[in-house]
Amino acid sequence: MCTNFVITTETNTNEQNSLAIPDAVIVGRTMEFGNQSVADGQVTILPKGELLYSYGTAKADHKYCIVGVNIHVTNDDDKEENNDPVLRLLANCLTDGLNEEGLTCGSLWLPGSEYLTTQKFLESDIPVYLFTNWVLGNFSSVEEVKRAVNSNDYRFFEVENLPLPLHFPITDKSGKSIVIEFSSSDGEPSVYDNELGILTNAPTYPEQLANLNTMLREHKFSPYNPAQVPCSIKAPQGEGYGLAGLPGDPIPASRFVKTAVLKQFATDAQAGYEIKNAADAKTLAYHLINSVDLPKGVTRYGDAHSSDGSDYTQWVVVKDLSHGEFQIRKYDSPIPYKIDFETISQLKLTEPMFIDVPRDADALSLIPNH
């Protein structure tokens, strides 16, 4: 289970075409899963140029540098781990990321996805587990991705014995956003404009929008208390009665509705809640993330007699597309860590770099050195 959303602040206007240009585009995303290799994901920097993995039969040769989160599978034998081709591949496999041009892409679970299967790979074939890498390594805007996916120049396939039902939210620094899904029986991709800037998991994006519209018709959500409160007490105790009925459970359709409604009210510029800059947008992003955060043990697998683990919020990322900054926070620590492309450029990397995110800090001291 995951939640992805886009926050923009529009402060500049292009006089030639009167289009509002976002001063900041911020994308927040949560990763809910139960697999330890996902929880252990490292911040991964993939430099531009040729890399040690392939799409189809073609060696990956990226135009753009990427920073993201990988799948970190460990092996008891460090030497064997370094030589194991599967482990090396997963180390380069990104579940979320941002490239130097301000394009971001992530992979979110979507049961029921249908992909092509093939025994004979072509040069232009793209395995779904490397779809995020392919997007971020080769394109700089949403429009470029749309043209490539719709061109029929590429085939997107699922690897045998590696079922990964996924859909992909993609956003660029102009604020444009799309969702790419593989929900048709022929395995062909569907591309949807995501003007709402929200994505969770199943059902498909069109079905999520239909469910949201139904909820909004049935519940007139408001940030204000209604004149008449259906409550046994004489007067409402505090604020928030206008949000009565807003879903609070963690299923994907509920998180979609909840995030959409909270984001709408929290960015209501006409009511004085304008998001003025990147700092405001990142602050809001973390509050929206906190509203869907899942602790361990809340959504368990199996039943009371056979449960083995649970989904939980393993990590969250907040990405500043306008300024090339990538922030990540792990489950075990409330403190986010960040890296940006200006810093990355100074490293002059020629091969991938993997960084473990600290988990031992629970608070920062108000008095230094104490």
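The values are calculated or read from the model by the stated rules, or taken from the named source; none is laboratory data. Computed from a predicted structure; not experimentally measured. When we count neighbours, we look across all protein chains shown, and the Cβ atoms used for this are built from the backbone with ideal geometry, even at glycine. For the accessible areas, the whole protein counts, side chains as well, though only heavy atoms, and no ligand, DNA or RNA atoms are used. Shrake-Rupley method; radii C 1.70, N 1.55, O 1.52, S 1.80 Å.
Any idea how many residues of region 281-308 are out of contact with any helix residue (DSSP H, G or I) (no Cβ under 8 Å at 6 or more places or on another chain) and open to solvent by 20 Å² or more (accessible area, probe 1.4 Å)?
The first filter runs over region 281-308 and keeps only residues out of contact with any helix residue (DSSP H, G or I) (no Cβ under 8 Å at 6 or more places or on another chain), leaving 281-283, 285-286, 289-290, 293-308.
Going one step further and asking which of them are open to solvent by 20 Å² or more (accessible area, probe 1.4 Å), we end up with 282-283, 286, 290, 293, 295-308.
Final tally of qualifying residues: 19.
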* Structure fact -> Here the qualifying pairs (Cβ atoms under 7 Å; residues six or more apart or on different chains; first in region 274-300 and within 20 Å of E32 (Cα to Cα) and touching a residue at least 24 places away in the same chain (Cβ under 8 Å); second of a type in the set (S, T, N, Q) and part of a helix (DSSP H, G or I)) come out as L288/T259; V292/T259
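Might you check whether a residue that is touching a Leu at 6+ places or on another chain (Cβ under 7 Å) and crowded, with 21+ Cβ neighbours inside 10 Å occurs anywhere in region 113-125?
If we filter region 113-125 for residues that are touching a Leu at 6+ places or on another chain (Cβ under 7 Å), which is where we start, we get 113.
In the following step, the residues that additionally are crowded, with 21+ Cβ neighbours inside 10 Å were identified as none.
Within region 113-125, none of the residues are touching a Leu at 6+ places or on another chain (Cβ under 7 Å) and crowded, with 21+ Cβ neighbours inside 10 Å.
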* Name the residues in region 336-354 that are part of a strand (DSSP E or B) and open to solvent by 80 Å² or more (accessible area, probe 1.4 Å), would you? -> K338, F354
* Single residue of region 286-342 satisfying the filter (of a type in the set (F, W, Y) and in contact with a Gly (Cβ under 9 Å, 6 or more places away or on another chain)) that is farthest from T259 (Cα to Cα) -> F341
* To do: Show the residue pairs that are 6+ apart or on different chains and have beta-carbon atoms under 8 Å apart, the first residue being within region 241-266 and under 19 Å from T283 (Cβ atoms), the second being in a loop (DSSP other than H, G, I, E, B) and among the polar types (S, T, N, Q).
  => T259/T200
* **Failed item, numbered, when E274 is tested on (1) assigned to a helix (DSSP H, G or I); (2) open to solvent by 40 Å² or more (accessible area, probe 1.4 Å); (3) over 17 Å from L108 (Cβ atoms)** => (1)
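Using the structure shown, decide if S124 is at pLDDT below 90, in contact with an Asp or Glu (Cβ under 8 Å, 6 or more places away or on another chain) and either under 16 Å from V317 (Cβ atoms) or small (G, A, S) (or both). Break it down into steps so the answer makes sense when it comes.
On the way: at pLDDT below 90: yes; in contact with an Asp or Glu (Cβ under 8 Å, 6 or more places away or on another chain): yes; either under 16 Å from V317 (Cβ atoms) or small (G, A, S) (or both): yes.
In short, yes.
Listed here are the residues, each with its yes/no results for (1) within 30 Å of D153 (Cβ to Cβ); (2) at pLDDT 85 or above; (3) outside any loop (DSSP other than H, G, I, E, B); (4) open to solvent by less than 40 Å² (accessible area, probe 1.4 Å).
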| position | (1), (2), (3), (4) |
| --- | --- |
| E15 | no, no, no, no |
| I26 | no, yes, yes, yes |
| R29 | yes, yes, yes, yes |
| S37 | no, yes, yes, yes |
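Does D311 fit the bill of being within 30 Å of P22 (Cα to Cα), within 21 Å of the chain's Cα centre (by Cα) and either in contact (Cβ under 8 Å) with a residue 12 or more places away in the chain or surrounded by fewer than 15 Cβ atoms within 10 Å (Cβ to Cβ) (or both)? Even if it seems obvious, please write down each step before you answer.
Values: within 30 Å of P22 (Cα to Cα): no; within 21 Å of the chain's Cα centre (by Cα): yes; either in contact (Cβ under 8 Å) with a residue 12 or more places away in the chain or surrounded by fewer than 15 Cβ atoms within 10 Å (Cβ to Cβ) (or both): yes.
The answer is no for D311.
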* Asked: Among the listed residues P189, P163, which satisfies the condition of being free of Cβ contacts under 8 Å to residues at least 40 places away in the same chain and open to solvent by 10 Å² or more (accessible area, probe 1.4 Å)?
  -> P163
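Return yes or no: is G248 touching a Leu at 6+ places or on another chain (Cβ under 8 Å) and small (G, A, S)?
Working: touching a Leu at 6+ places or on another chain (Cβ under 8 Å): no; small (G, A, S): yes.
No.
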* To do: Tell me, yes or no, whether region 243-254 has at least one residue that is modelled with pLDDT of 95 or more and farther than 27 Å from T171 by Cβ.
  => no
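Looking at this structure, is A210 open to solvent by 10 Å² or more (accessible area, probe 1.4 Å) and without any contact (Cβ under 8 Å) to a residue 40 or more places away in the chain? Don't jump to the end; show me each part of the working.
Numbers: open to solvent by 10 Å² or more (accessible area, probe 1.4 Å): yes; without any contact (Cβ under 8 Å) to a residue 40 or more places away in the chain: yes.
Considered against the rule, which asks whether it is open to solvent by 10 Å² or more (accessible area, probe 1.4 Å) and without any contact (Cβ under 8 Å) to a residue 40 or more places away in the chain, A210 comes out as yes.
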* To do: Out of the residues in region 129-154 that are within 16 Å of K63 (Cα to Cα) and among the aliphatic types (A, V, I, L, M), state the one that is surrounded by the most Cβ atoms within 10 Å (Cβ to Cβ).
  => L136
* Given the conditions (1) modelled with pLDDT of 90 or more; (2) more than 15 Å from V179 (Cα to Cα); (3) surrounded by fewer than 21 Cβ atoms within 10 Å (Cβ to Cβ); (4) of a type outside the set (S, T, N, Q), report the number of the one that W109 does not fulfil. => (2)
